[in-house]
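Student: Handing you a structure now.
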């Protein structure tokens with residue numbers, strides 16, 4: 001009998017609303033043996049480094065590492081099996097980047113990354129972008145060669161207001177202006193609450209907030225608390241006009 005591939009799943013969790021649904025579909029995956037590590041309530045950079053350390057210690061026991069964030073819901077119970085087949089069909093592949101359907105923009109965004117044990121993770125030093133430390137790749141699969149799997153899941157299907165505020169702040173700090181423009185366009189059409197809070201978060205992305213974007217940060221939570229119960233429609237409209 002053919003042994004199922006062993007897949008290591010890494011998840012960082014800070015109260016994301018989709019976590020339970022994300023967990024249920026991961027646990028229902030067919031054709032694979034899954035081991036999942038959930039790292040809870042740490043700063044992003046500390047959580048990433050803890051994940052890299054855990055993978056580096058145990059990667060010889062696994063066939064594949066898939067990073068699935070707590071706000072990500074796989075589409076069906078064969079997603080991981082299909083990802084494994086992708087690597088089987090491309091023997092030189094050491095990594096793959098798959099797309100998710102994002103609620104905020106109603107577009108496909110890069111959001112699910114996979115790695116073979118050949119990949120070496122260096123320690124993260126960039127607080128804002130701690131996930132760009134994978135090295136020793138041969139071929140990374142993205143674009144047309146993985147299109148048959150895209151979108152592999154949903155991103156932020158039912159976000160909380162705090163989660164949306166965090167998303168917007170994070171995008172603005174990363175200067176992802178196209179994402180924010182798309183959110184502004186959609187909000188101007190339907191005044192959606194989640195997109196509104198994302199835009200409020202983006203509006204707070206000042207020099208003074210560049211190190212204060214973690215869920216457990218007092219300054220981040222104070223900024224959210226100051227606006228969470230207000231009627232912010234006029235303010236959001238002004239912000240939208242400033243970026244569109």
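The values are calculated or read from the model by the stated rules, or taken from the named source; none is laboratory data. What you see is a predicted model, and the numbers here were worked out from it, not measured in a lab. Reconstructed Cβ throughout: ideal geometry from the backbone, glycine too, with neighbour counts over all protein chains shown.
Student: Residue 13 - would you say it is under 15 Å from the mean Cα position of the chain (by Cα) and over 22 Å from residue 144 (Cβ atoms)?
Tutor: Judged against the criteria, residue 13 is a match.
Student: Quick check on the range 34-54: of everything there that is surrounded by 20 or more Cβ atoms within 10 Å (Cβ to Cβ) and under 15 Å from the mean Cα position of the chain (by Cα), which residue is nearest to residue 118 (Cα to Cα)?
Tutor: 51
Student: Which of the residues that make up the range 110-130 are surrounded by fewer than 17 Cβ atoms within 10 Å (Cβ to Cβ), within 22 Å of residue 164 (Cα to Cα) and touching a strand residue (DSSP E or B) at 6+ places or on another chain (Cβ under 8 Å)?
Tutor: 110
Student: Condition first: part of a helix (DSSP H, G or I) and at pLDDT 95 or above. Can you find one or more residues in the range 68-80 that meet it?
Tutor: Within the range 68-80, one or more residues are part of a helix (DSSP H, G or I) and at pLDDT 95 or above.
Student: Hey, any hits in the range 55-66 for a residue that's in the same structural domain as residue 17 (by TED's automatic domain parsing), closer than 24 Å to residue 159 by Cα, surrounded by 16 or more Cβ atoms within 10 Å (Cβ to Cβ) and touching a helix residue (DSSP H, G or I) at 6+ places or on another chain (Cβ under 8 Å)?
Tutor: For the range 55-66, residues in the same structural domain as residue 17 (by TED's automatic domain parsing), closer than 24 Å to residue 159 by Cα, surrounded by 16 or more Cβ atoms within 10 Å (Cβ to Cβ) and touching a helix residue (DSSP H, G or I) at 6+ places or on another chain (Cβ under 8 Å): present.
Student: Given (1) over 22 Å from residue 18 (Cα atoms); (2) in contact (Cβ under 8 Å) with a residue 60 or more places away in the chain; (3) over 22 Å from the mean Cα position of the chain (by Cα), identify the lone condition not met by residue 228.
Tutor: Every listed condition holds for residue 228 apart from (1).
Student: Sticking with this structure for a sec: Being modelled with pLDDT of 95 or more, part of a loop (DSSP other than H, G, I, E, B) and buried (at least 22 other Cβ atoms within 10 Å of the Cβ) is the filter here, so list the residues in the range 181-233 that pass it.
Tutor: none
Student: Looking at the range 190-205, can you tell me whether even one residue there is under 22 Å from the mean Cα position of the chain (by Cα), under 28 Å from residue 68 (Cβ atoms) and free of Cβ contacts under 8 Å to residues at least 24 places away in the same chain?
Tutor: There is at least one residue in the range 190-205 that is under 22 Å from the mean Cα position of the chain (by Cα), under 28 Å from residue 68 (Cβ atoms) and free of Cβ contacts under 8 Å to residues at least 24 places away in the same chain.
Student: Taking the condition of being at pLDDT below 95 and in a helix (DSSP H, G or I), how many residues in the range 21-44 meet it?
Tutor: 1
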